[in-house]
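Structure in structure tokens, see below.
The values are calculated or read from the model by the stated rules, or taken from the named source; none is laboratory data. A quick note: this is a predicted structure, and the numbers were derived from the prediction, not measured. So basically every Cβ, Gly included, is an ideal-geometry build from the backbone, and we count neighbours across all protein chains shown.
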Amino acid sequence: MNLISKFKSLIHILCLSTITLLSVAISTNKAHSQKIISALGGIDTNFVIQSDSTKLDVLKQCIIKRGKYKSDYGFSDYQNESRGTGSYGYGYGYGLQVIYLEFVSYSKIKIVTKINPVSDKEFYQVDLFDTKDKLLLKVKLNLDYIKQNTNYDDLTTYSINLNKIPIVLLDITKTIEIARINPNE
């Protein structure tokens, strides 16, 4: 092989190496720029979220599917005349997928006192409205349907279990009104 063909081979190898390195760099950059929410299968939303007719200052919101599980176990000793003494144990567990509306806000969901509400326990009232402010749904949620986390300063994150809310209505919802109803005062 003469010197010119060796030089051409070297240039060819260098070009292929450069293209490979550029491809890796571009694909790595795309992976880092992908948002965590979309990487986990969630979608960004743009609802107007308010509480007691006051718009909440929402920084970010999305709908995402998460796993949820419940388990328990235990054991006990027994003593009876027919079987004698002994012990037994039990255990169970299950898992399911739940869809959540999650949002981060500098504002908090308001606690509203109502005289003679439908229930004597605290609950969340969630109302969905369309673009013409027509009521689409009014639903009462137990307190465990809305989880709240805070930084103990001014930022609060809410996760709302959407199990009792028809997902199809969310496609035509513009505003979500949420209040925590307190019947005890």
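Given Ile49, Ile63, Ile43, which one is at pLDDT 85 or above and either among the aromatic types (Phe, Trp, Tyr) or in contact with a Cys (Cβ under 9 Å, 6 or more places away or on another chain) (or both)?
When all the criteria are applied, what remains is Ile43.
Could I ask something else about it? Within the group Ser105, Ser159, which residue is surrounded by 12 or more Cβ atoms within 10 Å (Cβ to Cβ), among the small types (Gly, Ala, Ser), touching a Ser or Thr at 6+ places or on another chain (Cβ under 6 Å) and in contact (Cβ under 8 Å) with a residue 12 or more places away in the chain?
After ruling out the rest, the residue left standing is Ser105.
Between Lys114, Lys108, which is farther than 16 Å from Thr54 by Cβ and of a type outside the set (Ser, Thr, Tyr)?
Lys114
Could you list, in sequence order, all residues of segment 123-148 that are loosely packed, with under 12 Cβ neighbours inside 10 Å and out of contact with any Phe, Trp or Tyr (no Cβ under 8 Å at 6 or more places or on another chain)?
Thr131, Lys132, Asp133, Lys134, Lys138, Asp144
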